[in-house]
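Here's the structure, in structure tokens; my notes come after.
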Amino acid sequence: MLLSSAKQRQRLGYFRKLLNISEELYRELLSQFGVETSKDLTSQQIEELTSQLRNNAQVQGLYRAKPSFLKYKYNNLAERQGMASPAQLRKIEVMWKNVSRQKNDKDRESALQTMIKKITGKDHIKFLTPIDVRKIIKTFENM
């Protein structure tokens, strides 16, 4: 039985505050798990309670989950021999966001594809090799 971590308790506290849950209601929620404080919750119990509060916050329009897939963008391209790594592709996108003048993601992505084509002759970011990545990074650094 693994007890909850400080990070889990902090996340629970965030949703409690976001939902403006009173002390009385909070104690009632904890009592459903047979505990008096969040420190006594197991890791699984606190995840369950946090999930309930997160869902309530989403329903009320107080919380919108960030897409976690962004952190893993391009990971499906990881096992390609002789091609740019997912981390390199993400780095190109971040650098482009910093140097480009486009105001929205759609225009920025389109402009990035145009730059990639101009610099490397490749039609899409997923076709880049490590050599192409170096060329693009050098170009972006000089912008």
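The values are calculated or read from the model by the stated rules, or taken from the named source; none is laboratory data. Remember, predicted model here, so these are calculated numbers, not experimental data. Here the Cβ positions follow ideal geometry from the backbone for every residue, glycine too, while neighbour counts run over all protein chains shown.
Okay, residues lined up against (1) under 30 Å from THR129 (Cβ atoms); (2) crowded, with 16+ Cβ neighbours inside 10 Å:
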{"site": "LEU2", "(1), (2)": "no, no"}
{"site": "LEU30", "(1), (2)": "no, yes"}
{"site": "LYS39", "(1), (2)": "no, no"}
{"site": "GLY82", "(1), (2)": "yes, no"}
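Restricting to the range 84-113, name every residue that is over 16 Å from THR129 (Cβ atoms) and small (Gly, Ala, Ser).
Selection gives SER100, SER110, ALA111.
When GLU47 is evaluated against the numbered criteria (1) at positive phi; (2) outside any loop (DSSP other than H, G, I, E, B), which criterion, by number, is the only one it fails?
Checking GLU47 against (1) at positive phi; (2) outside any loop (DSSP other than H, G, I, E, B), the one that fails is (1).
Starting from residues that are in a helix (DSSP H, G or I) and touching a residue at least 12 places away in the same chain (Cβ under 8 Å), keep the ones in the range 53-62 and report whichever is farthest from LEU29 (Cα to Cα).
Applying the filter and picking the extreme gives ALA57.
State whether the residues of the range 63-77 include one that is part of a loop (DSSP other than H, G, I, E, B), loosely packed, with under 13 Cβ neighbours inside 10 Å and among the basic types (Lys, Arg).
yes
Confirm whether SER51 is out of contact with any Gly (no Cβ under 7 Å at 6 or more places or on another chain), over 30 Å from LEU128 (Cα atoms), modelled with pLDDT of 95 or more and among the small types (Gly, Ala, Ser).
So SER51 does not fit the description; no.
Looking at the range 86-143 only, could you name the residues that are without any contact (Cβ under 8 Å) to a residue 12 or more places away in the chain and in a loop (DSSP other than H, G, I, E, B)?
Across the range 86-143, the qualifying residues are ARG101, GLN102, LYS103, ASN104, GLY121, LYS122, ASP123, HIS124, ASN142.
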